[in-house]
Amino acid sequence: MRRTSRKKRSTLANRAIAASAALILGGGGLVAVNVYASAGEGPSGSFPPTRTQNTGRQLSTIDCPEAANGLPEVPEAARGEVDRELAAMDTQITDAYQQFADRKEQIARDPGLAENAVLGPLRSKRTASLDRIGIAIGRAGERPAGLESLAGCSLRADDSSGGRGDGDGGRGDGGQDGGQGQDQGQNQGQDGGQGQDPGDQDPGQGQDPGQGEDPGQDQGQGGNGPVAADFVDIQSVRPNADRPRQRRGASRGTFTTDCGRNENGKFNPDNVIVAPGVSNGAHHMHDYIGNQANDAFASDDDLANGATTCRNQGDRSTYYWPVLRLQNGQDEDDADADGGGRDQNVGEIQTPSQVTLKFVGSPVGRVTAMPRFLRIITGDAKAFTNGDANANASWSCTGFEDRQLTDKYPICPEGSQVVRTFAFQNCWDGQNTDSANHRTHVAFAQENGRCPSGFRAVPQLVQRIVYDVPPGPGFAVDSFPEQLHKPITDHGDFINVFDDRLMNKMVRCINDGRRCR
């Protein structure tokens, strides 16, 4: 498996660091309300491609149903084979998107070519994969019916609005695929955002950043996005974060673990949670901190015995997220590698200037220990085509963290740094360390701060990543190629490998209202 090494950061990014007003979620800090504005464009493929401003070029993508969300509960005996087929289906979309991108001009002249050369063959491959998934599940249980309905794909426009949402304003239902109605985005699992009206917010979405950018900026990574409309001047965004209301009995403590900033340059395009045993299962590059044994083939035993970059050696957890790159025309060592240039991820990888990993408590009661090897994904790497139900990353700037964005990248003023914030699910089903769709074993607290029925509160990981990048719209996170590097696709992954002693210390600290490291 190939891992890339990082070049030295551009001197353009080495600016003076301004005093930062950190957004602390939980423990009496600030929480972001939902500022996502859905496109409300209707079903996938129901509107024609549009042309981007200034360039006149079409920016469309391939939109396919998320097969993992359409499956019934997958028996444990079938999970490995099903995961491999789902990863193969991601690769099929990636390959089809590349064929589409290579033939855009021909397809514009002959729309039938898209069906004959791209969508038809893709549909056939997906049908075969879904058939194999059905067979695998059938060996261990009852074969599901109707899987072929998940094979269809269509072309859709880049409407520059961050997803195919349902028009209801975004993340409020938590999108846990289990119908649990969690409040995922507004309170980051802390309060429920009582009294907040997302409709009163004006995040400035869809505004022209007004930075005088080159029209070529609309084509971002070699025509693969992001576009200028994916950025907004943070100073034009109204404050939209509020302090959570702690109730009687809240667990007010915090536990912070220091695992570095990936200074050692550990990258790979694997995802051991979603695509175990599959190289390049993510089709984009990840930063890794904490456990150094993490790749597609890492077992729980490998992680338990792996080295860690965490200062406290009792934390061998793995924390990873898509890298952020400058769109400055400079190639990385992965320019011709899987997860990098071969998957439309180009530009200079940026090492964060700061990473904070903080675990916080529940606003209504005590927390219990996480099980070892608990896997949590927050956000959705495919939110641009899936819709925003699972989107859960916030973007802001130091000094402006009372203003949070989900579907826009922030343009920060001189002296301010870009901030990514992830708040992970804070409720666990009490039984499973993972689930077939990697979501339904965990959940976000409901609006009243309590966990859904059958779930218990666990320490909530709040992750804050800061970057010193040049002012303006010249950066993007890595993504699946067809997701066009949209900010709403940002996501984070966590596997708990705390030893029992340190996990118990964390729980006591949080429940006792102390601040610990």
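The values are calculated or read from the model by the stated rules, or taken from the named source; none is laboratory data. Just so you know, these numbers come straight off a predicted model, no measurement behind them. Cβ: placed from backbone, ideal geometry, glycine included. Neighbour counts: every protein chain shown. Ligands, DNA and RNA are excluded from the accessible area calculation, which covers all protein heavy atoms including side chains. Shrake-Rupley method; radii C 1.70, N 1.55, O 1.52, S 1.80 Å.
Looking only at the stretch 435-467, filter to residues that are open to solvent by less than 30 Å² (accessible area, probe 1.4 Å) and of a type in the set (D, E, K, R); which one of those is modelled with the lowest pLDDT?
Step by step, filter the stretch 435-467, then rank; the result is R439.
Restricting attention to the stretch 130-151, which residues are surrounded by 13 or more Cβ atoms within 10 Å (Cβ to Cβ), not in a helix (DSSP H, G or I) and not aliphatic (A, V, I, L, M)?
Across the stretch 130-151, the qualifying residues are G141, R143, P144.
Can you spot a residue in the stretch 450-465 that is within 29 Å of T398 (Cα to Cα), in a strand (DSSP E or B) and either free of Cβ contacts under 8 Å to residues at least 24 places away in the same chain or in contact with a Pro (Cβ under 8 Å, 6 or more places away or on another chain) (or both)? Let's see the steps before the verdict.
Pass one, the stretch 450-465, residues within 29 Å of T398 (Cα to Cα): 458-465.
Of the ones still in play, those that are also in a strand (DSSP E or B) are 460-465.
Now narrow it down to the ones that are either free of Cβ contacts under 8 Å to residues at least 24 places away in the same chain or in contact with a Pro (Cβ under 8 Å, 6 or more places away or on another chain) (or both): 465.
Yes, the stretch 450-465 has at least one match.
Would you check if there is a residue in the stretch 170-193 being among the basic types (K, R), surrounded by 21 or more Cβ atoms within 10 Å (Cβ to Cβ), under 29 Å from V82 (Cβ atoms) and modelled with pLDDT of 90 or more? Write out each step before concluding.
If we filter the stretch 170-193 for residues that are among the basic types (K, R), which is where we start, we get 171.
The next check asks that each one be surrounded by 21 or more Cβ atoms within 10 Å (Cβ to Cβ); those that pass are 171.
From what's left, under 29 Å from V82 (Cβ atoms): 171.
Keeping just the survivors that are modelled with pLDDT of 90 or more gives none.
No; the residues of the stretch 170-193 include none that is among the basic types (K, R), surrounded by 21 or more Cβ atoms within 10 Å (Cβ to Cβ), under 29 Å from V82 (Cβ atoms) and modelled with pLDDT of 90 or more.
Filter the stretch 376-389 for residues that are open to solvent by 10 Å² or more (accessible area, probe 1.4 Å) and closer than 17 Å to E482 by Cβ and give the result.
D380, A381, K382, N386
Can you name the residue in the stretch 258-305 that is open to solvent by 10 Å² or more (accessible area, probe 1.4 Å) and not in a loop (DSSP other than H, G, I, E, B) and is also farthest from V355 (Cα to Cα) among such residues?
So, considering only residues that are open to solvent by 10 Å² or more (accessible area, probe 1.4 Å) and not in a loop (DSSP other than H, G, I, E, B), the one farthest from V355 (Cα to Cα) is D301.
Among the residues of the stretch 293-327, write down those that are modelled with pLDDT of 95 or more and closer than 21 Å to D478 by Cα. Walk me through how you get there before you give the answer.
If we filter the stretch 293-327 for residues that are modelled with pLDDT of 95 or more, which is where we start, we get 293-326.
Correct list: N294, D295, A296, T318, Y319, Y320, W321, P322, V323, L324, R325, L326.
Pairs needed: first member in the stretch 357-382, at pLDDT below 95; second member anywhere, hydroxyl-bearing (S, T, Y) and surrounded by 22 or more Cβ atoms within 10 Å (Cβ to Cβ); C-beta distance under 8 Å; at least 6 residues apart or different chains.
That search, which allows pairs on different chains as well, returns nothing.
Name the residue, out of P65, P72, that is within 21 Å of G281 (Cα to Cα), under 29 Å from the mean Cα position of the chain (by Cα) and outside any helix (DSSP H, G or I). Lay out the reasoning, then the answer.
Values: P72 fails: within 21 Å of G281 (Cα to Cα).
After applying the criteria, what remains is P65.
Looking at R420, R403, can you tell me which residue is over 25 Å from P481 (Cα atoms), of a type in the set (D, E, K, R) and crowded, with 24+ Cβ neighbours inside 10 Å?
Values: R420 fails: over 25 Å from P481 (Cα atoms).
Just one listed residue meets the conditions, R403.
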